[in-house]
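Worksheet: the structure to be examined is printed underneath.
The values are calculated or read from the model by the stated rules, or taken from the named source; none is laboratory data. As the structure is a computational prediction, the values presented were derived from the model and not from experiment.
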Amino acid sequence: MRILRGVMWQSKKHNHAGRSTIDDEYMALGHATTAIMWLRSLLFEIGFEDWVSGPTAMMGDNDQTTNIANEDYISSATRYFRLEYHFCKECKESGDIQPLRVATENNYSDLLTKCLSGPQIEKLRPGLTGYEPQPAPPAPPRD
């Protein structure tokens, strides 16, 4: 199995105002899912089907967002999410993506979005730049 790692980073205003951190993180997951699905289609079309034969791990450090993407439940905090952001749930159910939790101290994208200490930068930089082999993400849970 081939493991393709990367961080896609972009800074932009959301199309909608989020009412909470969970709302904002779920919107970001929806946008990331759209980008991943485009990349998966491109890899498939150019003959790299084996690179996208399994689900693409979508790693984030927000527990509630990961739980919402993986489970079917509605709460008072999530009942007003806009429909277009539930695309990530559809892609998860079809086996194209697998939302996973990554601990903040191991989150490569934090290098691009947060103020970190020198030791934390030194720990994460090799993984982000591809100079350090990384273990495979955890296997998706069996339904």
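Conditions tested, residue by residue: (1) at pLDDT 85 or above; (2) outside any helix (DSSP H, G or I).
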site	(1), (2)
MET58	no, yes
THR78	no, yes
LYS89	no, no
ILE121	yes, no
LEU124	yes, no
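Of LEU116, LEU128, LEU42, which residue is at pLDDT 80 or above, part of a helix (DSSP H, G or I) and aliphatic (A, V, I, L, M)? Break it down stepwise before answering.
On the way: LEU116 fails: part of a helix (DSSP H, G or I); LEU128 fails: at pLDDT 80 or above.
When all the criteria are applied, what remains is LEU42.
What residue, among those in segment 17-31 that are at pLDDT 70 or above and of a type outside the set (A, V, I, L, M), is nearest to ILE97 (Cα to Cα)? Even if it seems obvious, please write down each step before you answer.
Start the filter on segment 17-31 by keeping residues that are at pLDDT 70 or above, which leaves 21-31.
Subset that is of a type outside the set (A, V, I, L, M): 21, 23-26, 30-31.
Details: THR21: 22, ASP23: 20, ASP24: 19, GLU25: 16, TYR26: 14, GLY30: 11, HIS31: 13 Å.
Ranking the candidates gives GLY30 first.
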